[in-house]
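Beneath this line is the structure, given in structure tokens, with notes to follow.
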Amino acid sequence: MNFLIITHAFHYELEGKYYAYAPYVQEMNLWLKHVDQVEIVAPLSTSLDKHISLAYAHHNISILKVPVFSLVGYKEKLLCLFKLPKILWTIFKAMKQADHIHLRCPGNMGLLGCLVQMLFPKTPKTAKYAGNWDPKSRQPWSYKLQKWILSNTVLTRNMQVLVYGEWPEQSRNLTSFFTASYFDYEKEPVNTRDYSRHIHFCFVGSLVKGKQPLMALELIEKLRQNGMDALLHIYGEGPERQHLESRIKDSELEDSVFLYGNQPKAKVKAALQECHFLILASRSEGWPKAVAEAMFWGCIPIVTPISCLPWMLDDGKRGVLMDDNNLDETAERLIHLLKTQELLKDMAGRAVAWSRFYTLDRFEEELKKVLKYREN
């Protein structure tokens, strides 16, 4: 099988191997175990960060390089007009030779892939929609267009669209799916937390406005103002780092909030095994791996109720659903919960049991079924 991937993820070539964002490649390597040849249409970059990157594990892989483009801003849209013909032609030629087309959505390349795939109705296809599929959520027009094309059973044939969560009255193209970070053999014993002394919180993810890392810091500040010995450990890099550093200094939180930057998976895992809570106040998510990974180790998530997160947390039985417009209420609830350790231990136990059901072993078994799918 010649397996084609259309993705906006930056790729890097080093010593004959191709690298990309580690969680994405870890997942794709499971797909690629079941194909003979791999072709990837994606942008290439030279800025490789080995802490958050991983190499593809396949003996027959090639990349068709395309330029980066953006649909945000007048200048970017104008430049896009000059780049599009080459990109669309590259995608078309690759799809013509493919036995299976795999789109990574939402994203700019995913949008173009959605358009070109309509010319190949007989070719088996999958789309991994890694964003928020909630029909009621506010999203960019390009995301809505991708969702509409992928759902349309006339324009999009022989397609399984893998989405996070279960949504009513959806197209037969859709398949409710999941993702995972750990194998069954990684189910080590979970550390029992002591919630009576120092309370460690962590943030894991890109330091961008959409994930609101500053809100995690503000929550810690409110908890400390209420007498809690709360500490925050932040893992990740991004443009919001400077704002965080300024806020830490201005609020004199140098001994309570720590920035570690991007770290290898092993160090993040060690942090999740020890921390009491994970804070992720995102404005938009698909299936946030940081949350599922925290739950795997008994680290209770504190998250905004978006996308499939209420389902992941069983409406608050496996974690805390926060109102990012009312941090005082969230702080008060946490203070109350910390007075009832048994309730927190039960919440952590439920989180562990749920997360450890969704392993990479189960993920691989399910994707085998997906790869065998062909429309009748």
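Please treat every number below as a calculation from the coordinates, not as lab data. Computed from a predicted structure; not experimentally measured. Counting neighbours? That spans all protein chains shown, and the Cβs are built from the backbone with ideal geometry, glycine included.
The length gained by stretching the chain between R138 and R362 to full extension, at 0.36 nm per residue less their Cα-Cα distance, is 77.5 nm.
For the peptides 14-27, 188-201, the ranking by mean Cβ contacts within 10 Å, running from highest to lowest, is 14-27, 188-201. GNM remark for the chain: springs join alpha carbons under 10 Å apart, and the peak mean-square fluctuation among N132, N158, N326 falls on N326. Between E186 and F82, the FRET efficiency estimated from the beta carbon spacing at R0 = 41 angstrom works out to 0.30.
Inter-label distance, Q341 to D250: 3.8 nm, where each label sits 7 Å from its Cα along the C-beta direction. Beta-bridge orientation, the chain: approximately 10 percent antiparallel, per DSSP, counting only bridges with both partners inside. Sorting 101-113, 50-62 by their mean Cβ neighbour count within 10 Å, with the most densely packed peptide first, gives 101-113, 50-62. Extension gain for M118 to V154 (0.36 nm times residue separation, less C-alpha to C-alpha distance): 12.1 nm. Estimated from helical segments only, the mean residue ellipticity of the chain at 222 nm is -11500 deg cm²/dmol, where each DSSP H run of four or more residues counts as -39500 (n - 2.57). The angle between the Cα long axis of helix 360-371 and the longest principal axis of the Cα atoms of the chain comes to about 30 degrees, rounded to the nearest 10. The order of the peptides 302-310, 352-360, 252-260 by mean Cβ neighbours within 10 Å, most packed first, is 302-310, 352-360, 252-260.
Take the Cβ atoms of K372 and D314, set R0 to 25 Å, and the FRET efficiency comes out at 0.20. Taking a cut-off of 18 Å between Cα atoms, list the lysines near K136, but don't count ones fewer than 8 places away on the same chain. Correct list for K136: K144, K147.
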